[in-house]
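The structure appears right after this line, and notes come after that.
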Amino acid sequence: MKKFFKMIFAGCLLVGADCLAYGQQKQPVDYVDPFIGTSNSRWMLFPGATRPNGMVKLSPDNQRSVWQGGYEYSTGSIHGFSFLHGWTMAGLLMMPANGDLTLAPGAPDEPFKGAGAGFHSRFDHREEHASPGYYSVYLLDPRVKVELTATERTGVQRYSFPADSSNRIMIQLNLPSEYGVDLKDAQITKVSDTEIEGYAKSTSANFNDYCMYFVMQFNKPFHDFNGYLNQSETHSHTEVKGAHEIGAYVTYPTNKPQQVLIRTGISFVSIAQARLNLQTELKPYGWNFDALVAANRKLWNNTLKTITVDGGSETDKKKFYTNFYRCFTAKMIMSDANGKYTDACEQVQQLPADRKVMIGGDAYWNSFWNLNLLWTLTAPDVVQQLVDTQLEMYEKTGWLSKGPAGIEYSGIMEGSHEMALMTSAYLKGIVTKDTDIAYAAMKKNVEVEPGTACGGYPGNPQISEYARLGYVPVEKGATSKTLDYAYDDWCVAQMARLLHQDNDYDFFVKRSSNWKNVFDPISRYVVPKKENGDLISDFDLFSVSHFVEGNSWQYSFYVPHDIPGLVNFVNRETFLKRLTTGFQKSETQKFAAHALDRTMGQSAEYYINQGNEVNMQAAYLFNYAGKPSLTQYYTRRILDVFYDASPYVGWNGDEDEGQMGAWFVMSSLGLFEMNGGTSPDLRVDLTSPLFRSARINLNPGYFKGRQFLIEAHNNSAKNIYIRWAKLNGRILNDRFISFKDILKGGKLELWMSAKPN
């Protein structure tokens, strides 16, 4: 009997099964479903194995090089398992195979056997499983079970082969991905019959140059090593070298079923560093695959149990913890176990002892609303690492980076919202060192016209025009730049205030009101403005021209640092009427603009777009216009209808860095930061919580391990309105609290009702 229960427990560890029937209490990690949203999703949203912000994101792929490439849940085949799923970063694909030799992955619409077939395979979702840090699938064509797990910088695979004399493992350095990869130079070398090593120098998205090095070890000797170029074998049994299309395969002929384990360490510095990462991170586990899976389950559960919730449905909890999980899967560690990394100028650097890791990824664009709040509450150590990354980049290569994929200057999106994260971190006391350096770096972004740096695009383009005119003219750039640059000015002003730089504070806080300069004084909507001061004529309020991933209607609510000023400027009654109309017209579309979307400048009318970052503050704007009951109503509606628990929907939009996930988590708690935690009062807006109670377990190292409890009395699907509230027994007369109140620990109590108050 004891042996039986041990087997059950091991199964729970591996597949994240619901173990309640066997007396095991369900943990936060058990609610995570990595398949949610993996249909029609981004390259960075994958079902495979990783650790929080891991360099290795080892996951199945099954699409061509297309937008939203990677894993598509509705596709019934897999062409390989690749190690990198970071924004504009891909590399090192592996796949078990047997039967007729084929040297190309194959696409979903190509044959699986015979002439023209690739080494891809069909699979059945009933034989596919995933939980944080673990993935498995049975491949129907080679009859191989594949299992994946990972540490930060290594991936471990377990292939269960059938008896077959043609068993092989394909290793390919060019692979289909979302942005595509131009493989400039690559090499795979046989070190021994249990180890190979290599590298792949790549360019992606016209800015990201990187070289991935790897060391791959096998627990059993392979029979042969064979290289291939451009889908032709090289007949070399020791090494293959080339560009564009390069790969190798090793063989495992056998007359009985066998398991083969492969451990792979990667680095962006050197092969020696890849071997160091492998040896360092896998030393505690050796070849014990199951021990590593169990360690990953514990690690992820410790991350997720920083917030525990009670009440609500099982589906609500599934959505909550899956969204929470996604907040830690898109960013990507770029430095090695000993602190070495390759900078934006492709020079090898060594982190100082007080800086732990370099973290890259997509832009921080508008992540200041929810992702900053979630990170600062649940992972202040990660916030420290993100700020350290920015300071290290500034000191070594001259600028902060708004999207440091590959530790490069991507130039992606508008504004420099990494500065909002930095400002919030300093104001909240999470980061206390290098304040002068941080301020100098931030000030440079809003004063110096950027050129190029290390082949990339830093800073705020057209900042000199913005400084000269008070706005970015339509001839020089997107109108929405002005709104982003005004917010950047605000962030710099708050840092100046913190450092008692009074003159700078006065200057930049005044300049942060430049948002008014692109509003039509008559209509009180944002309208593109020419260099001569004229507004463009015949402007379409819903045109996407001159705006970054949004339209004028949406951007006319985009002044995160001065919503009270915006309400007064527009007129409260008009502001409220516009906002209410927008939500009423969007509710039938579940607040997802894809249903009414337009591209390539075509005309279509849409209002609320919860599926893109520009508009994700909209429901909370009612708090500033005297209608908090509408904030409570619409945040609950979005939680219920926009977010889904299926692979086919998940998010009706572009979840790329965890901002949509963070919106669900923080709104479920009833919390939101309108200005991204960049004001002296650190205001946190309140709304209707999803759960009866929630406990935030604050970090012991930063916040002394206090707990903040949120209790929503009489909470239900109908009782969504806050009648009255208490903070630590004191009646609240406002619709907000301070982040400082949360850090002190204590209790926020809300009494809920079915009627608006």
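Hey, could you check region 695-753 for residues that are part of a loop (DSSP other than H, G, I, E, B) and within 27 Å of the chain's Cα centre (by Cα) and say which is surrounded by the most Cβ atoms within 10 Å (Cβ to Cβ)?
Among those that are part of a loop (DSSP other than H, G, I, E, B) and within 27 Å of the chain's Cα centre (by Cα), it is Leu698.
Just for region 384-443: of the residues that are touching a Pro at 6+ places or on another chain (Cβ under 6 Å) and of a type outside the set (Val, Ile, Thr), which one is nearest to Leu499 (Cα to Cα)?
Per the criteria, the residue is Trp399.
Just one of Leu669, Leu690, Leu682 is surrounded by fewer than 24 Cβ atoms within 10 Å (Cβ to Cβ), hydrophobic (A, V, I, L, M, F, W, C) and farther than 20 Å from Phe557 by Cα; which is it?
After ruling out the rest, the residue left standing is Leu682.
Would you check which residues across region 355-379 are more than 18 Å from Ser270 (Cβ to Cβ), assigned to a loop (DSSP other than H, G, I, E, B), open to solvent by 10 Å² or more (accessible area, probe 1.4 Å) and at pLDDT 95 or above and list them?
Arg355
Looking only at region 520-540, how many residues end up being touching a strand residue (DSSP E or B) at 6+ places or on another chain (Cβ under 9 Å) and over 13 Å from Lys481 (Cα atoms)?
4
Specify the residue that is most open to solvent (accessible area, probe 1.4 Å); the eligible residues are those in region 95-124 that are free of Cβ contacts under 8 Å to residues at least 60 places away in the same chain and among the polar types (S, T, N, Q).
Only one residue fits best here, namely Thr102.
Could you give me the residue pairs with C-beta distances under 9 Å whose first residue belongs to region 218-234 and is at positive phi, whose second residue is among the charged types (D, E, K, R) and open to solvent by 60 Å² or more (accessible area, probe 1.4 Å) wherever it lies, and which are 6+ apart or on separate chains?
Asn230/Glu245; Gln231/Glu245
Would it be correct to say that Ile333 is on the phi > 0 side of the Ramachandran plot and among the hydrophobic types (A, V, I, L, M, F, W, C)?
no
Within region 272-295, how many residues turn out to be open to solvent by 40 Å² or more (accessible area, probe 1.4 Å), part of a helix (DSSP H, G or I) and farther than 11 Å from Thr151 by Cα?
Total satisfying the criteria: 5.
Among the candidates Ala107, Ala97, which residue alone is in contact with a Lys or Arg (Cβ under 6 Å, 6 or more places away or on another chain) and at pLDDT 95 or above?
Ala97
Starting from region 529-558, keep only residues that are open to solvent by less than 30 Å² (accessible area, probe 1.4 Å), then list their pairs with residues that are outside any loop (DSSP other than H, G, I, E, B) and of a type in the set (S, T, N, Q) whose Cβ atoms are within a distance under 6 Å, requiring at least 6 positions of separation or different chains.
So the pair list comes out as Phe547/Ser480; Val548/Ser480; Gln554/Asn615; Tyr555/Ser480.
Considering each of Met393, Met413 in turn, give the residue that is in contact (Cβ under 8 Å) with a residue 40 or more places away in the chain, outside any loop (DSSP other than H, G, I, E, B), aliphatic (A, V, I, L, M) and more than 23 Å from Gly670 (Cα to Cα).
Only one candidate passes the filter, namely Met393.
For region 488-516, which positions are farther than 21 Å from Gly459 by Cβ and of a type in the set (S, T, N, Q)?
Asn503, Ser513
Only one residue in Ala344, Ala441, Ala425 is in contact with a strand residue (DSSP E or B) (Cβ under 7 Å, 6 or more places away or on another chain), modelled with pLDDT of 95 or more, closer than 30 Å to Val548 by Cα and open to solvent by less than 10 Å² (accessible area, probe 1.4 Å), so which one is that?
From the options Ala344, Ala441, Ala425, the qualifying one is Ala344.
Return yes when Gly670 is at positive phi and either over 25 Å from the mean Cα position of the chain (by Cα) or basic (Lys, Arg) (or both) and no when it is not.
Answer is no for this residue.
List pairs: first residue in region 178-201 and over 14 Å from Leu93 (Cα atoms) and at pLDDT below 95, second residue of a type outside the set (Ser, Thr, Tyr) and assigned to a loop (DSSP other than H, G, I, E, B) anywhere in the structure, Cβ distance under 7 angstrom, at least six positions apart or on different chains.
Partner pairs satisfying both residue conditions: Glu178/Arg42; Glu178/Trp43; Glu178/Trp67; Glu178/Gln68; Glu178/Gly69; Glu178/Gly70; Tyr179/Ala205.
Inside region 242-261, can you point out the residues that are crowded, with 21+ Cβ neighbours inside 10 Å and aliphatic (A, V, I, L, M)?
Ile246, Ala248, Val250, listed by residue number.
Select from region 542-573 the residues that are within 15 Å of Tyr607 (Cβ to Cβ) and not in a loop (DSSP other than H, G, I, E, B) and list them in ascending order.
Hits for region 542-573 are Ser552, Trp553, Gln554, Tyr555.
Quick check on my filter: what residues within region 451-480 are open to solvent by 20 Å² or more (accessible area, probe 1.4 Å) and either of a type in the set (S, T, N, Q) or assigned to a helix (DSSP H, G or I) (or both)?
Hits for region 451-480 are Thr452, Gln462, Ser464, Glu465, Ala467, Arg468, Leu469.
Name every residue in region 497-523 that is more than 34 Å from the chain's Cα centre (by Cα) and surrounded by 16 or more Cβ atoms within 10 Å (Cβ to Cβ), in order of residue number.
Scanning region 497-523 gives a single hit, Gln501.
Please find, among Val309, Val382, the residue that is of a type in the set (A, V, I, L, M, F, W, C), within 25 Å of Ala694 (Cα to Cα), in contact (Cβ under 8 Å) with a residue 24 or more places away in the chain and assigned to a strand (DSSP E or B).
On inspection, the qualifying residue turns out to be Val309.
Among the residues of region 68-87, is any open to solvent by 10 Å² or more (accessible area, probe 1.4 Å), aliphatic (A, V, I, L, M) and either farther than 26 Å from Thr329 by Cα or not in a strand (DSSP E or B) (or both)?
Within region 68-87, not a single residue is open to solvent by 10 Å² or more (accessible area, probe 1.4 Å), aliphatic (A, V, I, L, M) and either farther than 26 Å from Thr329 by Cα or not in a strand (DSSP E or B) (or both).
The values are calculated or read from the model by the stated rules, or taken from the named source; none is laboratory data. Since this is a predicted model, take the numbers as computed values, not measurements. Heads up, the Cβs are rebuilt from the backbone with ideal geometry, glycines too, and the neighbour counts pull from every protein chain shown. Accessible surface areas use protein heavy atoms only, side chains included; no ligands, DNA or RNA. Shrake-Rupley method; radii C 1.70, N 1.55, O 1.52, S 1.80 Å.
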